[in-house]
Amino acid sequence: MSGDRPLVGVLDHGSGNLHSACRALDAAGARVRLSSRPDGFADCRGLVVPGVGAFEACMDELEAGGGADLVRAWAAVSRPLLGICVGHQVLFDSGDEHGRTRAGLGVFDGVVTALTSRRLPHMGWNLVEAAPGSRLFAGLASERFYFVHSYAAHTAPDGALTSWVEHDGDRCVAAAERGPVCSTQFHPEKSGRAGARLLRNWLDIVEGP
């Protein structure tokens, strides 16, 4: 680890595995600031957007609290960003749940749709097929990560390194990386040593170059 521990913000938008994410980031080597204020992250070197539950509810919370504009602006200038679970899903163009389509943040192109697996939700440990050249998965070939979801993106976003997971015949996006803007469908903070290494890899991206 080089230099001081980087300051990383965790956005509290009302729906997320906040304290587990904060503890895991701290253990990985970050100083962590948890805040619901979009103006509270100006001096942070990285931003984490967690999320649990439904795409539409998460987007409603982000829009209501100003978090949506914050995340879009952060990604637009390629500041280090990490979306987790539903925080990963809302980075896509839109989500289609229960016959309702809700616009997402549009950081990655693509639509989040229901898994076609017979066994839902997809919950448990699964092998991730890491994208060649991935910085997020450096040193993590053939590792398993913890998933819990019933919806996912099924197409690779343009210009992004895309890693994949297969559950019961349904192949979907496990993670996406466009430079320092990253996201994971799985929960690194619940994924043991592999998740801890992935968070450390992301912090290496935060610290640059």
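The values are calculated or read from the model by the stated rules, or taken from the named source; none is laboratory data. Everything numeric in this text was worked out from a predicted model, so none of it was measured. All accessible areas refer to the heavy atoms of the entire protein, side chains included, with ligands and DNA or RNA removed. Shrake-Rupley method; radii C 1.70, N 1.55, O 1.52, S 1.80 Å.
Observations, loosely collected:
- ³J(HN,Hα) computed for each position of the stretch 90-97 - Karplus, 6.51 cos²θ - 1.76 cosθ + 1.60, integer Hz, glycine/proline x: 6, 6, 7, 4, 6, x, 10, 10
- Quotient of Cα Rg and 2.2 N^0.38 Å for the stretch 31-104, N being how many residues it contains: 1.09
- 5 angstrom amide H check on L7, placed H, neighbours 5+ away: R31, R45
- Probe 1.4 Å - accessible area at Y151, Å² to nearest ten: 40 Å²
- Taking amide H atoms as placed 1.01 Å from N in the peptide plane, the amide H of D93 lies under 5 Å from those of G106, F108, G110, each 5 or more residues away in sequence or on another chain.
- Area of T116 that stays accessible when all protein chains are in place (1.4 Å probe, Å², to 10): 110 Å²
- Remark: the stretch 200-209, residue by residue, has Karplus-estimated 3J(HN,Hα) of 5, 4, 5, 5, 4, 5, 4, 6, x, x Hz, where x stands for each Gly or Pro and the curve is 6.51 cos²θ - 1.76 cosθ + 1.60 at θ = phi - 60°.
- For the chain, the solvent-accessible area with a 1.4 angstrom probe is 42 square angstrom per residue.
- Over the chain, Cα pairs under 8 Å with separation of 6+ residues give a relative contact order of 20 percent.
- The solvent-accessible area of V77, taken with every protein chain present and a 1.4 Å probe, is close to 100 Å².
- With θ taken as phi - 60° and the Karplus curve 6.51 cos²θ - 1.76 cosθ + 1.60 applied, the whole-hertz 3J(HN,Hα) list for the stretch 141-151 is 5, 6, 9, 9, 10, 8, 10, 8, 6, 10, 10 Hz, x standing for glycine and proline.
- Mean projection area, nm², convex hull over Cα of the stretch 1-126: 8.7 nm²
- Value of Rg to Rh for the stretch 60-209 (Rh from inverse mean 1/r over Cα pairs, i.e. Kirkwood): 0.94
- Summarising the strand pairing of the chain, around 60 percent of its internal DSSP beta bridges are antiparallel.
- Of all accessible heavy-atom area on the chain, the percent that carbon and sulfur account for (1.4 Å): 50 percent
- Rg(Cα)/(2.2 N^0.38 Å) for the stretch 141-209, N = residue count: 1.12
- Inter-part distance where the stretch 71-110 and the stretch 130-149 are each reduced to a Cα centre, Å: 20 Å
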